[in-house]
Amino acid sequence: MLVRRILRHWKTQNWLGVGLDLLVVIAGILIGLRIDAWRDEVQNREDETEYLARLLEDAEANHGALKEVLERMWYRRDQGRKALERLLSGEALTPEERKRTVDALVQSGDLPRPAVLTGTYDELISTGRMPIIRDQELRGLLQRQMATHEQVAARADALRSALLGAQPFSDQHAILAGEANGEGIALGKSYDLEGLRSDNRALVAFFNQIELSEDFSVEREAEMLAVRNVREHLRCLLDRPECEGRKGGLQQLTEDKAGEGGAER
């Protein structure tokens, strides 16, 4: 109908009518585009809130996983030190104590793999949706966390073979003994601690293993700190009660952005 009216005005050379009709068409297009942009923005804000909640869930799980791994590493390191001191002291040990002592030394070099969740971050990157996360500080914290995680994971892979180096030395002094039970003969393992105590290569290998494990735990602590920074920042953005007093909150972020937009206009 509007097109027919424009053509009618054109034929009658009613240029004012043509101009007014064109203005109506242009205004309608602009309003439609504005409405579409507003709808997209509303959807982006909903998606942002959902992504922030998912990122926080990942951060909570990752922090717990890293804390558990670190506590296990610290425990095994401490047990390894005590076992090495016991070995060097020359005290007499029962066969079971001998096994526990060597097991503690071997396990002191264990590097458990934490189950670090990266799915939400990977999705944001692969889909190109990272820009909907408006908080630049959070995006930087996420990038640093992922970079630290990759570095520590690569370092762990490189260290695992080196930390297993003490295992052959303990096996050289292992003693297999059979013990009869109702189902037959069960093989148990004991150790020649006197031979192990005089094996300098084994002692040095165990000592180095404990030191390497302790050095690596510092890198795991740095990874956990990076995750903690992400977690605390997300808590504040989502206005969680656990927030440690940072200026934050999604509502505050929205108000700040609105204020910046008004100042630009």
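Which is farthest toward the positive dipole end of the range 44-116 among S89, A59, N44, measuring Cα position about the Cα centre, with Cβ charges +1 (Lys, Arg) and -1 (Asp, Glu)?
Result: S89.
So, with +1 on the Cβ of K and R and -1 on the Cβ of D and E, and no other charges, what is the size of the charge dipole of the range 62-203 about its Cα centre, to the nearest 20 debye? Before the final figure, lay out each step's value.
Working: 20 positive and 21 negative charges, 101 e Å.
Approximately 480 debye in magnitude.
How much length is gained on full extension from R134 to E91, taking 0.36 nm per residue of separation minus their Cα-Cα distance?
The R134-E91 span can extend by a further 9.2 nm.
For K82 and R240, compute 0.36 nm times the residue count separating them, minus their Cα-Cα distance, and round to one decimal in nm.
That works out to 52.6 nm of additional length.
Please give the contour-minus-distance gain from S217 to A61: 0.36 nm per residue of separation, less the Cα-Cα distance, rounded to one decimal in nm.
Gain on stretching S217 to A61: 54.3 nm.
No value in this document is a laboratory result; all are computed from the given coordinates. Note that the coordinates shown come from a computational prediction; the quantities given were computed from them, not determined experimentally. All Cβ positions, even for glycine, are placed from backbone atoms using ideal geometry, and neighbour counts span all protein chains on display.
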